[in-house]
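Worksheet for the structure shown next.
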Amino acid sequence: MHERKGKQERFEWLKIRMNDEFDEYKLRFEKTINEIKSIPEGVPITIWIADNAHEQTGLRYVMHLLKGKNNDINLINTTKVYGKLFNAKKYTILLHLHSGEIPPEKLHLIYENGWRPPLTQREREELEKEWLELANSRDTLRIWRNDRIAIVSEDYYDQYMINTAKKLYRHCNPDEFIMSARLIGEVLGHLDQYVGDQFLEYRLRQLIEKGVFDMEGSLKAMRFYRIRLKI
């Protein structure tokens, strides 16, 4: 993603898998990258992260984009600060799988109490190095495990989606088609990891192709088709 060729390959991969949201994603992505690269030298930078593979991977990418810049960089880890401030047990922290789920009033408190010294040069270089290792991987799915980014197979959540569909069908007619969004929402609501609904919808389409689910409607977007479990 830090090289033109890699970025183009990534966009081509996503275009096939993101249905009708790709163009909007590409515009947002390019705008964000330009904004990061245009940050003036010497301006302090604060980066919000949480303990999930999504934000932790993004942190490493941004650190590579900021490589060589003379800016103090501070990290605020919302997961860790939230736990300390609100005396949260592990199951409570899991209610907020990413920073965007935390209420604004609590984010304000996290900001006031989450300060730590700027990253050292060594810490910056380590994050930049970890980005290059991730960028050179051909795998497509990462999770957060034991305070590290772990790579797992693309079909990692497939069986979980199938099991969730079986549970849903305990309360409806086995021949009934249900909205794909209903299944994906149910999966998202019970995962202990932050995973985008677009990825899960992509995997659902793969399961349809494999014959695990029947489908009626149009696969153009999640809201246009319904599914029925075949097994």
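List of remarks:
- Put simply, the range 102-231 fits an ellipsoid with semi-axes of 37, 20, 12 Å; these come from the alpha carbon gyration tensor as the roots of five times its eigenvalues, largest first.
- The lysines whose alpha-carbon is closer than 22 Å to the alpha-carbon of K166, local same-chain residues fewer than 8 away aside, are K210, K230.
- Computed over the range 43-153, the P(r) curve from all C-alpha pair distances, binned at 10 Å from the origin, holds 13, 43, 34, 10 percent per bin.
- For the chain, the longest site-free run once chymotrypsin sites (Phe, Trp or Tyr not before Pro) in DSSP loop states with at most 13 other Cβ atoms within 10 Å are removed: 116-231
- Of the GluC sites (Glu not before Pro) in the range 115-156, those whose Cβ has at most 15 other Cβ within 10 Å and which sit in DSSP loop: E154
- Per residue, in Å², the accessible surface of the range 179-226 once ligands and nucleic acids are set aside, probe 1.4 Å: 49
- Within the chain, the percentage of alpha carbon pairs spaced more than 32 angstrom apart rounds to 30%.
- Taking amide H positions as modeled 1.01 Å from N, with prolines and chain starts lacking one, no residue 5 or more places away or on another chain lies under 5 Å from H96.
- Expressed as a whole percent, the accessible area of the range 60-210 that falls on carbon and sulfur atoms is 49 (1.4 Å probe).
- Virtual spin-label span in nm between K5 and L85, 7 Å along Cα→Cβ: 4.5
- For the range 25-57, GluC sites (Glu not before Pro) are listed when DSSP marks them as loop and at most 12 other Cβ atoms sit within 10 Å of their Cβ; the list is E41.
- Given their separation in residues at 0.36 nm each and the Cα-Cα distance between them, F224 and Y169 gain 17.8 nm when the chain is fully extended.
The values are calculated or read from the model by the stated rules, or taken from the named source; none is laboratory data. None of the values given here were measured: they were computed from a predicted structure. Using ideal geometry, Cβ is built from the backbone for each residue, glycine included, and neighbour counts are taken over all protein chains shown. Side chains included, ligands, DNA and RNA excluded: accessible areas come from the protein's heavy atoms. Shrake-Rupley method; radii C 1.70, N 1.55, O 1.52, S 1.80 Å.
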